[in-house]
Structure formats: structure tokens, C-alpha cells
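A.B. asks: If you scroll down you'll find the structure; I have some questions about it.
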Amino acid sequence: MASFTMSIGLTAPAVSSRAASRGTRVSMRAPVVGRKVEKTVVAAVKDRAAPARYEAVILMKPGVEDSVRTAEVEKLKAMFMEGGATEFEVTDKGLVNNAYEIKGFADSHQYMIHTQCPRGTAKKVQNYLNEPVIGQEEVVLRYMFFKEK
């Protein structure tokens with residue numbers, strides 16, 4: 001009679017030699033399937049129409065005429081007011097040296113804007129500033145919006 005031997009071996013999950021050398025433990029338990037977990041609401045969804053306070057810094061080219069800069073600021077003001085802004089305050093900081101060159105300019109004309117408007121309005125203005133208008137000179141070098149608390 002011939003004897004037949006069969007060995008049944010358990011295979012461990014693949015572990016890299018690097019993980020094995022660090023003493024990493026690998027779980028042999030199967031994932032739990034079908035367990036019901038109760039979820040709790042952590043935060044309510046914010047109302048998009050609720051007004052929020054924003055501060056914006058806008059840097060414009062230094063060689064642009066005052067009338068063009070004023071027209072650009074008025075255009076931004078009109079967009080904010082059209083979107084439902086309740087406050088709009090502009091502070092002209094004048095010609096300021098940049099920390100680094102922006103699009104080849106070492107200095108720029110800086111405006112600080114404080115406004116209170118619905119959340120969607122600030123996004124619309126940012127989208128407007130992102131898209132250059134073909135055929136017009138680019139006046140705005142850089143901009144940044146901050147939400148005040």
C-alpha cells in the first residue's frame with residue numbers, strides 16, 4: 001500500500017519583507033460585512049444665501065492709468081452689489097513693492113476690499129477674475145480672497 005500524505009497550510013496575507021522586519025502586525029480577521037452603523041449629523045449644511053464677510057487683496061499693474069484702475073474697481077463693486085452685497089469698502093494702498101516679481105512687475109498698485117455678501121457672490125467674482133477677456137489689457141496681476149470670521 002502506498003501512503004498518501006497531504007498537508008494543508010494556512011497562507012498569511014502578503015507582507016513585504018520591510019514590514020516584516022519592522023515587526024508590523026497583520027490582522028487575520030475578515031472584514032465585517034453588513035454591520036449597521038448609526039450615523040450622527042456633525043454639522044448642518046450652511047446656507048449659501050447667508051451673508052459672510054470677505055476681505056480681498058487685488059494687485060493691479062503699476063503703469064495703468066487711474067481711470068482704468070477706477071473703472072475696474074467700479075466693475076467689481078457692481079458685481080458685488082448685483083450679487084447682494086450689503087457692505088463694500090475699498091482702500092487704495094497705492095504703489096507697493098512686491099515681495100517677488102509678479103508677471104514681470106516688481107511693484108503693483110494694491111487695493112484692499114472689505115465686503116459682506118452671500119457666499120456665491122464671492123465665488124462669481126473670483127471666476128470673473130480668473131477668465132481673461134480677449135482683446136482687453138489685463139489689469140489685475142493677482143488677487144486673493146479671505147473669509148473673515
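A.B. asks: Just subtract the alpha-carbon distance of V57 and E82 from 0.36 nm times their residue separation and send over the number in nm, one decimal. Working shown, then result.
C.D. replies: Numbers: separation 25, 0.36 × 25 = 9.00 nm, distance 2.01 nm.
Using 0.36 nm per residue and subtracting the Cα-Cα distance, I get 7.0 nm.
A.B. asks: A further question on this structure: Express in whole angstrom the spacing between the alpha-carbon centres of the stretch 95-149 and the stretch 57-94.
C.D. replies: The distance from the Cα centre of the stretch 95-149 to that of the stretch 57-94 comes to 9 Å.
A.B. asks: Report Y128's accessible area, 1.4 Å probe, all protein chains in place, as a number in Å² to the nearest 10.
C.D. replies: Its accessible surface works out to 60 Å², give or take rounding.
A.B. asks: For the stretch 66-130, what mean projected area does the convex hull of the alpha carbons give, in nm²?
C.D. replies: 4.9 nm²
A.B. asks: Continuing with this model, one more query. Taking the mean number of other Cβ atoms within 10 Å as a proxy for protection, how do you rank 116-126, 88-98 from highest to lowest?
C.D. replies: By packing density, highest mean first, the sequence is 116-126, 88-98.
A.B. asks: Take D107 and K147, extend 7 Å from each Cα along the Cα→Cβ direction, and tell me the distance between the two endpoints in nm.
C.D. replies: 3.6 nm
The values are calculated or read from the model by the stated rules, or taken from the named source; none is laboratory data. These figures come from a predicted structure and were not determined experimentally. Backbone-built Cβ (ideal geometry, glycine too); neighbour counts: all protein chains shown. We work out accessible area using only protein heavy atoms, side chains counted, and drop any ligands, DNA or RNA first. Shrake-Rupley method; radii C 1.70, N 1.55, O 1.52, S 1.80 Å.
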